[in-house]
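Accompanying notes for the structure given below.
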Amino acid sequence: MERGRRGRLSGRHSGARLRDFSHRQTLVAAAGSIPCDAGPVETRATRHASAGRLVAGVAQRVGIRGQLLPFRAEAILSQHSCISFLGTFIMTTPSAAEEVIAHHEELDLYPEIPLADDPRFTAKGIPTIEVPSAGPRPMARYAGSVQLVYPTADRRFSMRVKGHYANGYPVGAVVHSTEGRSKKGDIDAENTITGTGIPNGHCYFCISSTGKVYQPFLLDSWGIHCGKTYHPDLGFALDNKLVGIEVCCAGIVKKVADDRYHPGWSETFTEAEVRYRDKTENIQKAGHYHQFNAAQEKALFDLLIWLKTNNPLVFKLEHVFGHDEIATNAPQGQPGDKTLGRKQDPGGSLSMFMKDLRAKLLAAMPSG
């Protein structure tokens, strides 16, 4: 789910490319200047323009031989105080169709903090931090090393971070769904990380449809993944308190035929891969959801238990939230800063409500 310093019309796997242009063009939308050509497209407009105006300007000015179909869009403020448009739309032409699928994106609420590569992060070894042995119990009980990398994680990729957690470790986690492709297994997870996550300055664990866990950062460092958020125990803007876990999944899908569901791109799902949820508990939107599969749910559960046992003084299973439980409609200080409904993940993709996941996690912990 995470805003980068610069936005673009981004394809989840191959990048956003507008094909079938008859020649290179420079487009000027009513909201501002939008340099564009037949390669990757970056859109920029004034901060007061809406995503709708921006897309309308593109639709009016781009010489696409085809039709611009319905899209999902969100206007975001970048570090450069301009609006970047990211959305989902499909362009059809007489000869071909290309999908432009934007990854689950989030607003960077800490633009004053630059993104940075972590020189400590490598694909080898298991970095640790030391927990002091001195002090009153229960600190002494957990003295020793805290690992900064999940032992079985794939660490071939590196995401930029914003800083270090106040306690050197997250106090909880946010469960996301990528709302993107998953049918190709690890390839789709890796394309999510390298195609949109890294370019847009995001930072999170990623779980592929095979159950493989990717960790492109060290656990004492935080980055962008959940954006405008609030919880009464933790406050606002929770990127710097909670670690993100993205599960490769399409999210909400639409029934298009008997035993056939469509997410808005070329993947399709059967009835067995989808569940319907009413709007209740953490479910913010009633509808059909592409399910996390059994391997993904096991990987998610195991990772969360490890995050707790690895540093039980800091990480709290009570602070494992769905993005839909904390994502607010506005940032702190604005109307709606505590109103939920902005995000629907994981929603019905998870086989249980988030409160039941927390209860299951707590029940799995040894007593005493």
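Any chance you could count how many residues in segment 317-368 are under 25 Å from A250 (Cα atoms) and modelled with pLDDT under 95?
0
For the structure I just gave you, tell me whether S177 is under 16 Å from the mean Cα position of the chain (by Cα) and modelled with pLDDT of 95 or more. Write out each step before concluding.
Details: under 16 Å from the mean Cα position of the chain (by Cα): yes; modelled with pLDDT of 95 or more: yes.
When the stated conditions are applied, S177 passes them.
Within the set of pairs 6 or more residues apart or between chains, which connect a residue that is among the hydroxyl-bearing types (S, T, Y) inside segment 329-348 to a residue that is at pLDDT 95 or above with Cβ atoms less than 7 Å apart?
Close Cβ pairs satisfying both conditions: T339/T328; T339/N329.
Can you tell me how many residues within segment 230-262 are outside any loop (DSSP other than H, G, I, E, B) and within 19 Å of L115 (Cβ to Cβ)?
Step one: filter segment 230-262 for residues outside any loop (DSSP other than H, G, I, E, B), giving 230-231, 235-236, 238-240, 242-247, 252-257, 260-262.
Adding the requirement that they be within 19 Å of L115 (Cβ to Cβ) leaves 238-240, 242-244, 246.
Here the count works out to 7.
Could you pull out the residue among L115, L148 that is at pLDDT 50 or above, surrounded by 14 or more Cβ atoms within 10 Å (Cβ to Cβ) and out of contact with any Leu (no Cβ under 9 Å at 6 or more places or on another chain)?
Details: L148 fails: out of contact with any Leu (no Cβ under 9 Å at 6 or more places or on another chain).
The match here is L115.
Mind counting the residues in segment 328-368 that are β-branched (V, I, T) and surrounded by 13 or more Cβ atoms within 10 Å (Cβ to Cβ)? Reasoning before the result, please.
In the first step, residues of segment 328-368 are kept if they are β-branched (V, I, T); the result is 328, 339.
Filter once more, so that each one left must be surrounded by 13 or more Cβ atoms within 10 Å (Cβ to Cβ): 328.
The total comes to 1.
Scan segment 317-346 for residues that are among the charged types (D, E, K, R) and either within 20 Å of Q215 (Cα to Cα) or touching a helix residue (DSSP H, G or I) at 6+ places or on another chain (Cβ under 7 Å) (or both) and jot them down. So that I can check it myself, show each step before the final result.
Just the residues of segment 317-346 that are among the charged types (D, E, K, R), to begin with: 318, 324-325, 337-338, 342-343, 345.
The answer is E318, D324, E325, K343, D345.
Can you pull out the residues in segment 264-286 that are crowded, with 19+ Cβ neighbours inside 10 Å and on the phi > 0 side of the Ramachandran plot?
Answer for segment 264-286, where residues must be crowded, with 19+ Cβ neighbours inside 10 Å and on the phi > 0 side of the Ramachandran plot: just G264.
When only residues in segment 295-324 that are touching a Gly at 6+ places or on another chain (Cβ under 8 Å) and surrounded by fewer than 16 Cβ atoms within 10 Å (Cβ to Cβ) count, which is farthest from P170 (Cα to Cα)?
A295
Tell me which residues, restricted to segment 192-215, are buried (at least 21 other Cβ atoms within 10 Å of the Cβ) and among the polar types (S, T, N, Q).
T192, T196, N200, S208, S209, Q215
For (1) surrounded by fewer than 24 Cβ atoms within 10 Å (Cβ to Cβ); (2) in the same structural domain as F292 (by TED's automatic domain parsing); (3) farther than 26 Å from T309 by Cβ, each residue gets a yes or a no:
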| position | (1), (2), (3) |
| --- | --- |
| V161 | yes, yes, no |
| A166 | yes, yes, no |
| E179 | no, yes, yes |
| H225 | no, yes, no |
| K228 | yes, yes, yes |
| D233 | yes, yes, no |
| I252 | yes, yes, yes |
| V256 | yes, yes, yes |
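The values are calculated or read from the model by the stated rules, or taken from the named source; none is laboratory data. Computed from a predicted model, the values in this text were never measured in an experiment. Heads up, the Cβs are rebuilt from the backbone with ideal geometry, glycines too, and the neighbour counts pull from every protein chain shown.
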